[in-house]
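Laboratory data are not the source of any read-out in this text; all were calculated from the coordinates shown. Everything numeric here is computed off the predicted structure, so don't read it as measured data. Ideal geometry is used to build each Cβ from the backbone, glycine not excepted, and the neighbour counts take in all protein chains shown.
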Amino acid sequence: MAKELPKRNEIEEKYKWNLEDIYINDDEWENDYNKVQELLPKIEEYKGKVTNSANDLLELLNTLMKTQEIISRLYAYAHMKKDEDTREQNYQALFNRAQHISNELDNTKSFIKPELLKTSQEKLNKFMEKNEDLKLYEHYLDNIIRQKDHYLSEKEEKILALANDVTQAPENIFSILNNADLEFPVIKDEDKNDVRLTHGRYIKFLQSKNRRVRKEAFNALYDTYDDFINTYATTLNSEIKTHVFRAKARNYNSSLEAALDEDNISVEVYDNLINEVNNNLDSMHKYVGLRKKLLNLEELHMYDVYTPLIEEVEMEIPYNEAVEKVKKALKPLKNKYLQNLEKGFKSGWIDVYENKGKRSGAYSSGCYGVHPYVMLNYSENISDMFTLAHEMGHALHTYYSNKNQPFVYSSYKIFVAEVASTLNESLLIHYLLENTDDLDKRKYLINHYLEQFKGTVFRQTMFAEFERDIHNKVENGKPLTSDLLNNIYHKLNEKYFGDKMIIDEKINREWARIPHFYYNFYVYKYATGFSAAAALSQKIINEGESAVKKYLEFLKSGNSDYPLNVLKKAGVDMTSPKPISTALGIFHDLVNELEELSN
């Protein structure tokens, strides 16, 4: 008889998060919901008089922050209650209401930024001199005013806003075509059973030890994309034209500059990443050669990229053992961090095990004024132990940020979001390697980290380079045909994988299936975040207390300064190629070690 998942009430309380720390019951949630409905009209009262006086501006911003803080609690409670058991209609309704009232706030506050952009920095400075309390919002206001030259008249802004439905069309078309209309053929699995190829099954097939299955899945997937390749090219071309249109409309020199300005990131940070990775591709090429050797293949093809290089080692790790290993691995972060980590493990932060109806995956979430939360679906393997370390990195980042910043600066930017989580993983791999004598386990652990590095740094940088190239083509008046896109993508694969890899013609179409190319220069953040974390972990291991002190300042900073400045507090200057170089050095050394262990 098949083993069934437990019901939620069958799981011990100590393995469940405590959402009563947000609201004791749903009635409290309703009370806060009603408070927001009372606050929204109060915000609207300031329409037309945002900058009438220092007091008016302060009162408006205080009311806005109070409203946003309550909504963050409403949303956190509703979405986490919903995720406990997605079949619960009550919490689906609560979640929908939380989303709705959040959208209501967005509509209500839409007048604030245009009115602020009409005023001068001098006037705002005088306001802050008149009312000291307004200085709390100095960085918040600066972040709006610094983009003043890129905002248009009220009438022009309205036209741009009206264009949203049209300019969102390429991404929507891609999503429908890719997820709803595209149907892949049936292939034979390892046991010669007929199985329908799907997006979800594709990587699993590419991880198969049976090369016939890998090749068949690869060919079937890209032959299907080839049937629609001109449609995908036209859709992506339209998306890139949208980025270029918006950048020109807002008086930016390029679409790259426009996208990065959202976080006040300079173009040199993007270029440094690509240049430094390009300068260190020999390590990637060596790893590809090692893959060919360890798989004992005469020719290494693109469908051989995901199959395990090292036989999976039996490493069953119960949750309580994983907790102890993570605590030991994070000892370099010193006592204060460890005390807060311990608090997280023991105080209802974590929802550990899978139950019937529970949302899949893992995440960290929460709201201001309450400790962070972590959702897991722990299943006693090494990947889940790394997930625990990763999500607790996010949670502690949130904890420090919320404890040390007012609400307005408590939510850190996406650019720095993966640093704390990935740093914990780096310290965990370091600890495990330092404490492993078993040769097979050591090889397995090194390969685990190298695969992460390859996927997050090399692959995402290749994507970032592709994005930069195709935007440049459109900005120079060249249309993105399927032939041009295939050609650019083929050359990038040749460059990144090197001459030990056969760059199969079918891989040229991979760009067609990547949704991130519709996210407007987003993927580089994965690579910079991973690189920053790798560089910081080395500093913490090698320098000790002084590096930890700087790192904790970074965790405490939230969004109180621009992302590049916040990272500088930790000791990482992302305007320099050095952090990327340091991270690539770690990859280089581990490739060499894996090669030595495999001889």
- Note on the structure: Violations at 19 Å Cα threshold for listed pairs 327/556; 443/500; 331/539 -> 327/556; 443/500
- Message: On a straight-distance basis, which lysines could pair with residue 123 in a cross-link, Cα separation under 21 angstrom, same-chain partners fewer than 8 positions away excluded?
- Response: 47, 49, 113, 135, 148
- Chain lengthening between residue 268 and residue 90 when straightened (0.36 nm per residue, less Cα-Cα): 59.2 nm
- What fraction of the Cα pairs in region 378-474, stated in percent, has a spacing above 15 angstrom? 72 percent
- Item | Inter-site label distance for residue 343 and residue 404 at 7 Å from Cα along Cβ, in nm | 1.3 nm
- Tell me, what is the FRET efficiency for residue 377 and residue 45 to the nearest 0.05, using R0 = 51 angstrom and their Cβ-Cβ distance as r? 0.65
- Roughly what would the spin-label model give for residue 97 and residue 156, points 7 Å off Cα along C-beta, in nm? 4.3 nm
- Item | Entries in 66/549; 346/441; 241/478 that, when Cα-Cα distance is taken, lie over 22 Å | 66/549; 346/441
- Note on the structure: Cα-Cα pairs in region 17-146 separated by more than 27 Å, as a whole percent of all pairs, come to 32 percent
- Multiply the residue gap between residue 24 and residue 433 by 0.36 nm, knock off their C-alpha separation, and tell me the result in nm, one decimal place. 142.9 nm
- Here the FRET efficiency for residue 125 versus residue 188, based on Cβ atoms and R0 = 56 Å and rounded to 0.05, is 0.20
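With +1 assigned to the C-beta of every Lys and Arg and -1 to the C-beta of every Asp and Glu, and no other charges, what is the dipole magnitude of the chain about the Cα centre in debye, to the nearest 20?
Values: 79 positive and 96 negative charges, 137 e Å.
Dipole magnitude for the chain comes out near 660 debye.
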- Task: Report the antiparallel proportion of the DSSP beta bridges in the chain as a percent, rounded to a multiple of 5.
- Result: 60 percent
- Query: Which whole-number percent gives the relative contact order of the chain, counting Cα pairs below 8 Å spaced six or more residues apart?
  - Reply: 19 percent
- May I ask you to list the lysines whose Cα is less than 18 Å away from that of residue 358, ignoring any residue fewer than eight positions away on the same chain? 3, 7, 14, 16, 81, 82
- Within the chain, helix-based [θ] at 222 nm, where runs of 4 or more DSSP H residues each add -39,500 (n - 2.57), nearest 500: -20000 deg cm²/dmol
- Sequence ranges 166-178, 553-565, ranked by mean other-Cβ count within 10 angstrom, highest first: 553-565, 166-178
- Note on the structure: At R0 = 51 Å the Cβ-Cβ FRET efficiency linking residue 238 and residue 336, nearest 0.05, sits at 0.50
- Task: Please tell me which of these pairs span more than 24 angstrom C-alpha to C-alpha: 215/293; 130/155; 286/578?
- Result: 130/155
- the chain - convex hull of alpha carbons, volume per residue in Å³: 171 Å³
- What does the charge count near residue 167 come to, summing +1 for each Lys or Arg and -1 for each Asp or Glu among other residues with Cβ under 10 Å from its Cβ? -1
- For helix 121-130, report the angle its Cα long axis makes with the longest principal axis of the Cα atoms of the chain; keep it between 0 and 90° and round to the nearest 10°. 60 degrees
- Item | Shape box of region 219-357 [Cα atoms, principal axes, largest first, Å] | 52, 49, 43
